[in-house]
Every structure is written in structure tokens, then in C-alpha cells.
Amino acid sequence: MEEEKKQERSYELRSEKVRSIVGQIPSSLVRYGITAIGMVLLCLFAVAYFLPYKQVYSGTATIHKTATTPVDSTNITILLKFENKRPDKVKGQIICLQSPYRTFAGQIQDLSSVRDTLERQEAICRFKSADIKTVENQTVDFQITRTSGNLLQKMLGDI
């Protein structure tokens, strides 16, 4: 009962001009404008939902002497020096080594959290034996691309 009286009093306190503006139905231009803005926002959310969120980590990899085994692929320990950011979960991720002549891919089996004095981390990776032989005892560039969810999840997760 008291709430109704408060609403009536607050409405009565307004002037005649304010009551006429509040009581008017918005023009069609305003209604269509609001609808258009709503549709644009809806489209932006839809695009953000379907775009994958990719994180790219890059740096240099130092490959030392590889084991000579007759098998097709081999596990090898390489030293990774990341440029800016370091990944937290990379087990099973694809790593691309970029030599001056070609690019080839392998899979990360494990990444040590310990860094040496040159800021490098040991990683155990699986590569084809023929590919890794071409860059033995060299330092090459590498790139790890990790896809985690979509852009909308990333945007809403940071809020």
C-alpha cells in the first residue's frame, strides 16, 4: 500500500512537460534505430561465438645431436626459448620448426617448468627421424599454436 502511494507521489511531483514526454510513444525512427543497434550487437556476439581463440607462442629452438634409430619417428629433447609469453599446458600440442629450407611439425610430449640461465626450457618432442636430422645441432625458429574455446568465451572469461 505504501509503495503505491510513493509511486503516485513521485509521479505527481513531475511537471506537465515531463509527464507528456514520459507518456509519448517513441517515433518509428527511434524504434527502428534501437532494433538496428540490437541486431548489430547480436551479429557481433554471433561472430565472436564462431571465431576460435588461438594463442600463438614462438621463439627459438636449439636441437642437439639426435639419436640414430631405425624407427620412423623419435623422441628428442630440444631447448625452447620463448619470446614473450610462455604456455601453461602444451602436452600434446603441435610444434612447428621453421628451418631456412623448410617447415616441419612434431608433437610436444612434455615441457619442463625449469629454465636454464639462458631462459630456455627443455621439451621432449616427437618428430619424424628424417625431418629432425636436417636441423641437427642448429638453432631454428618454432611456433606453437594453441586453440582454446572461442573468442566470446575468452571475452566473457576476462570479465
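The values are calculated or read from the model by the stated rules, or taken from the named source; none is laboratory data. Since this is a predicted model, take the numbers as computed values, not measurements. Because the Cβ atoms are built from the backbone with ideal geometry, glycine has one as well, and the counts that use them run over all protein chains shown. SASA here: full protein model, heavy atoms, side chains in, ligands and nucleic acids out. Shrake-Rupley method; radii C 1.70, N 1.55, O 1.52, S 1.80 Å.
For the range 62-159, chymotrypsin sites (Phe, Trp or Tyr not before Pro) meeting the loop criterion (DSSP other than H, G, I, E, B) and having at most 13 other Cβ atoms within 10 Å: 101. Can you classify the range 84-127 as rounded, prolate or oblate using the Cα gyration tensor, where a ≥ b ≥ c are the square roots of its eigenvalues, rounded means a/c under 1.5, and otherwise it's prolate if a/b beats b/c and oblate if not? Here the range 84-127 falls in the oblate category. Summarising the label geometry, the points placed 7 Å from Cα in the beta-carbon direction at residue 22 and residue 77 lie 7.6 nm from one another. For trypsin sites (Lys or Arg not before Pro), the sites in the range 46-117 that DSSP calls loop and that have at most 15 other Cβ atoms within 10 Å are 65, 85, 89, 91, 102.
Sparse packing (at most 14 other Cβ atoms within 10 Å of the Cβ) combined with a DSSP loop state is found for the following GluC sites (Glu not before Pro) in the range 81-159: 83, 119, 136.
Under a 5 Å amide H cut-off, with hydrogens placed 1.01 Å from N, residue 93 pairs with 108 among residues at least 5 apart or on other chains. Mind checking which helices in the chain clear 30 Å along their axis (Cα) and have mean Kyte-Doolittle hydropathy of 0.5 or more, DSSP H runs only? Counting only whole DSSP H runs, the qualifying helices are 28-50. Computed with a 1.4 Å probe over protein heavy atoms only, the accessible surface of the chain comes to 74 Å² per residue. Cross-link check: pairs 85/128; 54/91; 54/133; 85/154 evaluated at a Cα-Cα cut-off of 25 Å; pairs beyond the cut-off: 85/128; 54/133.
Adding -39500 (n - 2.57) for every DSSP H run of four residues or longer, then dividing by how many residues the chain holds, sets the calculated 222 nm ellipticity at -10000 deg cm²/dmol.
Rolling a 1.4 Å probe over the protein heavy atoms of the range 39-129, with every protein chain left in place, gives an accessible area that is 57 percent carbon and sulfur. Result for the chain in a Gaussian network model with C-alpha springs under 10 Å: among 92, 149, 38, the largest mean-square fluctuation is at 38.
Computing Rg and the Kirkwood Rh from the Cα coordinates of the range 44-159 gives a ratio, Rg/Rh, of 1.05.
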